[in-house]
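So the structure is just underneath, and the comments pick up after that.
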Amino acid sequence: MKKIVFAGIVGGTILWVWGFISWVVLPLHLSAMRPIPNETEIVGSLGRSLPEKGVYVFPMMPRESANMPAAEQEAAMAAYMAKYQSGPTGMIFFDPAGKDPFMVNQMISGLLIFMLSAAIVAWLLSRSTAAGESFLSRVVYCGMIGTLFAVGCYLSDWNWMGYSFDWTRALMFDSIVAWLLAGIGISAIIKQKAA
């Protein structure tokens with residue numbers, strides 16, 4: 001158990017450092033983020049229109065109600081389909097409160113989340129046959145978990161949520177590289193003699 005905790009600390013720290021490099025030092029994600037034209041006007045309108053922190057979807061699928069006649073439900077769904085097909089469509093992740101641009105609290109909680117994630121991967125590695133294989137095999141094992149995240153989360157979000165492919169591609173690349181690098185630290189700690 002001590003090795004798993006230690007591997008979680010080491011792997012999580014590597015994930016955090018790579019995250020800083022990929023987001024702050026390298027231009028990996030910058031090409032996928034675009035400024036909002038007329039930002040002051042649009043953000044002001046959002047602040048006046050959206051009541052609280054949350055995820056807002058447009059157009060929003062109508063919700064069925066037992067009290068709504070079938071004809072009204074069909075009309076609402078037809079209107080939704082027309083809006084969805086003609087566009088625009090999207091999601092807004094909205095928080096009306098300001099934040100510290102240096103994100104100290106998020107940096108600390110991010111490090112802890114990375115450490116927990118790395119400890120889970122270290123535990124999975126310790127329970128797998130890869131733990132008795134070569135150092136490279138153990139690193140690849142961790143990298144494949146990053147690939148699983150990349151495909152299962154980011155590519156899935158591209159498909160279902162309509163995220164742009166340049167955003168998705170950057171996140172996928174980031175995830176795979178991060179877990180290969182974390183795998184170096186985790187694999188140096190989690191190993192066992194082949195049976």
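The values are calculated or read from the model by the stated rules, or taken from the named source; none is laboratory data. Here the structure is a predicted model, which means the values were calculated and not measured. Glycine also receives a Cβ, built like all others from the backbone with ideal geometry; neighbour counts cover every protein chain displayed. Remember, those area values only see protein heavy atoms, side chains included, never the ligands or the DNA or RNA. Shrake-Rupley method; radii C 1.70, N 1.55, O 1.52, S 1.80 Å.
Worth a mention:
- Here r is the Cβ-Cβ distance between LYS2 and GLN85 and R0 is 41 Å; the resulting FRET efficiency, rounded to 0.05, is 0.10.
- Using a Gaussian network model of the chain in which every pair of alpha carbons under 10 angstrom is joined by a spring, one finds that among ALA118, ALA178, ALA79 the greatest mean-square fluctuation is at ALA79.
- Choice from ASP174, ASP166, ASP95 with maximal GNM fluctuation in the chain (Cα, 10 Å cutoff): ASP95
- Dipole-positive endmost among THR40, GLY11, LEU28 within the chain (Cβ charges, Cα centre): GLY11
- The protection proxy used here, the mean number of other Cβ atoms lying within 10 Å of each residue, ranks peptides 135-147, 25-37 as follows, highest first: 135-147, 25-37.
- With N as its number of residues, segment 1-152 has a Cα radius of gyration that, divided by 2.2 N^0.38 Å, comes to 1.53.
- Modelled FRET efficiency - R0 25 Å, ILE113 with THR147, Cβ distances, 0.05 increments: 0.80
- Rounded to 10°, Cα long-axis angle of helix 39-49 versus longest principal axis of the chain: 70 degrees
- Residues of type lysines that LYS99 reaches as a straight line, Cα spacing below 23 Å, ignoring anything fewer than 8 places off in the same chain: LYS53
- In degrees, nearest ten, helix 104-127 long axis to first principal axis of the chain (Cα): 60 degrees
- Computed from the C-beta positions of HIS29 and ALA78 and an R0 of 45 Å, the FRET efficiency is 0.70 to the nearest 0.05.
- HN-Hα J in Hz across segment 89-103 - Karplus 6.51, -1.76, 1.60, θ = phi - 60°, x for Gly and Pro: 10, x, 9, 10, 9, 10, 9, x, 7, x, 9, 6, x, 8, 6
- Accessible surface area normalised per residue over segment 1-105 is 77 Å², counting heavy atoms of protein chains with a 1.4 Å rolling probe.
- Listed residue (ASN67, VAL57, SER109) projecting farthest to the positive dipole end of the chain, Cβ model: SER109
- Shape category assigned to segment 101-178 from the gyration tensor of Cα positions, a/c cut at 1.5: oblate
- Within a Gaussian network of the chain (alpha carbon springs, distance under 10 Å), most fluctuating of GLY44, GLY162, GLY90: GLY44
- Candidate aspartates and glutamates - alpha carbon under 12 Å from LYS191, same-chain residues fewer than 8 apart omitted: GLU133
- Between helix 135-149 and the chain: long-axis angle, C-alpha atoms, 0 to 90°, nearest 10: 10 degrees
- Cross-link reach list, aspartates and glutamates versus LYS83, counting only Cα pairs under 16 Å and skipping chain neighbours closer than eight places: GLU74
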